[in-house]
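The values are calculated or read from the model by the stated rules, or taken from the named source; none is laboratory data. No experiment lies behind these values; they were computed from the predicted model shown. When we count neighbours, we look across all protein chains shown, and the Cβ atoms used for this are built from the backbone with ideal geometry, even at glycine. Please note that ligands, DNA and RNA were not included when accessible areas were found on the heavy atoms of the full protein model with its side chains. Shrake-Rupley method; radii C 1.70, N 1.55, O 1.52, S 1.80 Å.
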Amino acid sequence: MTAKAGRKPSTGRLSKAEARQRVIRAAFDTLRTEGYSGTSARAIAATGGFDQALVFYHFGSVNGLLLAALADSSATQLGSYEEALAAVTTPAQLLEVVSARFEHDMASGHVKVLAELVAASAADRELADAVGALVDPWLELTQRTIQRLLADTGLGTLIAPEQAAFAIVALFLGVELLVNLKGDATIAHALLRSTTRIATLFGGLLGGSVSS
């Protein structure tokens, strides 16, 4: 159902920006709880308590809205990681930050929403390209962090930061998606703890101080 030409769906007293954010939030919550197959314009509107025509008025399509919801969540999570990583100076500290953020990622629903759109992307090349573009900033942040950590170690020429960033993001996303599928983060937490201990043991070799 689309809005009639020249007629804006009613949003009460909300500003355009507020109405847009309300639709995004409803889409995020619906995708998180109902999955991709159950997330229609009607379902989103029911979650948010507004006219489903708002989906098309603000975003053009359901997929356009779902990508906006993922982008909004990703920007929030990325900002938190950037802030947390700013003070990191060793690989062990890096893993400690990642471990601390892991539970928040799962609880926020971001991983669930990402998993649903990744799965839907298998049959939709356009959607896959759009989801992939939202992962790029994570690759860039990881690469910058790796370059900074390796800058004074002499290992920068042995380890290509771009390749290392790709491997780390792929591993982390894979772990999050598998935890979402299994519904149990026990092994993931144990893996992060083990990896942190290994990074601490080899901290001197990697150019960082050994953290406790």
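Within the bounds of the stretch 144-165, is there any residue that is within 12 Å of the chain's Cα centre (by Cα) and at pLDDT 80 or above? Checking the stretch 144-165: not a single residue is within 12 Å of the chain's Cα centre (by Cα) and at pLDDT 80 or above. Counting only residues that are open to solvent by less than 40 Å² (accessible area, probe 1.4 Å) and in contact (Cβ under 8 Å) with a residue 24 or more places away in the chain, the stretch 81-100 holds 10 of them. The single condition among (1) buried (at least 20 other Cβ atoms within 10 Å of the Cβ); (2) at pLDDT below 95; (3) under 19 Å from the mean Cα position of the chain (by Cα) that ALA19 does not satisfy is (3).
Selection of the stretch 101-119 for residues being modelled with pLDDT of 85 or more and either surrounded by 15 or more Cβ atoms within 10 Å (Cβ to Cβ) or in contact with a Cys (Cβ under 9 Å, 6 or more places away or on another chain) (or both) yields SER108, GLY109, HIS110, VAL111, LYS112, VAL113, LEU114, ALA115, GLU116, LEU117, VAL118. The residue that is modelled with the highest pLDDT, among those in the stretch 166-205 that are open to solvent by less than 50 Å² (accessible area, probe 1.4 Å) and not in a helix (DSSP H, G or I), is ALA185. Only one of the listed residues (ALA128, ALA122, ALA160) is without any contact (Cβ under 8 Å) to a residue 12 or more places away in the chain and open to solvent by less than 30 Å² (accessible area, probe 1.4 Å). That residue is ALA128.
Is it true that PHE50 is among the aromatic types (Phe, Trp, Tyr) and open to solvent by less than 30 Å² (accessible area, probe 1.4 Å)? In short, yes. Taking the condition closer than 30 Å to ALA41 by Cα, outside any helix (DSSP H, G or I) and either out of contact with any Ser or Thr (no Cβ under 8 Å at 6 or more places or on another chain) or of a type in the set (Gly, Ala, Ser) (or both), does ALA123 pass? In short, yes. Across the stretch 60-83, the qualifying residues are those that are in a helix (DSSP H, G or I) and out of contact with any helix residue (DSSP H, G or I) (no Cβ under 9 Å at 6 or more places or on another chain), and the one among them that is farthest from GLN147 (Cα to Cα) is GLY79. Restricted to the stretch 84-111, and to residues there that are small (Gly, Ala, Ser) and in a helix (DSSP H, G or I), the residue that is nearest to the chain's Cα centre (by Cα) is SER108.
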